[in-house]
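The structure appears below as structure tokens.
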Amino acid sequence: MAIQTPSKETRQAYQEKVQAQLEKINAQLNEYQAKADQAKADAAVSYHSHVEELMAKRDAAQQKLDELRNAGESAWQDVQDGFESAWNELTQSLEKAANNFNQ
């Protein structure tokens, strides 16, 4: 039994079919790459937003510490309470951010 060689037209049709499939895969890969790039951009925006929020909370805690340093005896307890509140908010936000960044 002889092996039949495909005709030139059959080979051409097969090559065109495979080329079309490769082009379809390339389009899908380009779409996936665009989605990956967008996800990276979205993540970067999210990280920057979190960092800015943390920096604002850090600044608030620093301000409360400065107030604590300058507080007289009569106001010291109230200022300390304000500092503790700002400090707790900052540390909780840092823990939450660390969990989000490490995912």
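Bear in mind that the values in this text are calculations on the coordinates, not laboratory data. Model, not experiment: these values are computed from the prediction. Glycine also receives a Cβ, built like all others from the backbone with ideal geometry; neighbour counts cover every protein chain displayed.
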Checklist entry - Can you work out ³J(HN,Hα) from phi for every residue in the range 11-16, in order, using Karplus 6.51 cos²θ - 1.76 cosθ + 1.60 and θ = phi - 60°, giving whole Hz and x for Gly and Pro? => result 4, 5, 5, 5, 4, 5
Next on the checklist: Rounded, prolate or oblate for the range 47-103? Axes are the square roots of the Cα gyration tensor eigenvalues, ordered a ≥ b ≥ c, and the cut-off for rounded is a/c under 1.5.
Outcome noted: prolate
Checklist entry - Placing +1 at every Lys and Arg Cβ and -1 at every Asp and Glu Cβ, with all other atoms neutral, what dipole size does the chain have around its Cα centre, in debye to the nearest 20? => result 1060 debye
Checklist outcome for this item: Extension length gain for HIS48 and TYR32 (0.36 nm per residue less Cα distance), in nm, is 3.3 nm
Item to check | [x] 19.3; [y] 14.2; [z] 20.6, with the label sought being that of the calculated Kirkwood radius over Cα pairs in Å | outcome: [x]
Item to check | Relative contact order of the range 47-103, defined on C-alpha pairs under 8 angstrom at six or more residues apart (%) | outcome: 43 percent
Checklist entry - Relative contact order for the chain using alpha-carbon pairs under 8 Å, separation at least 6, rounded to a whole percent? => result 24 percent
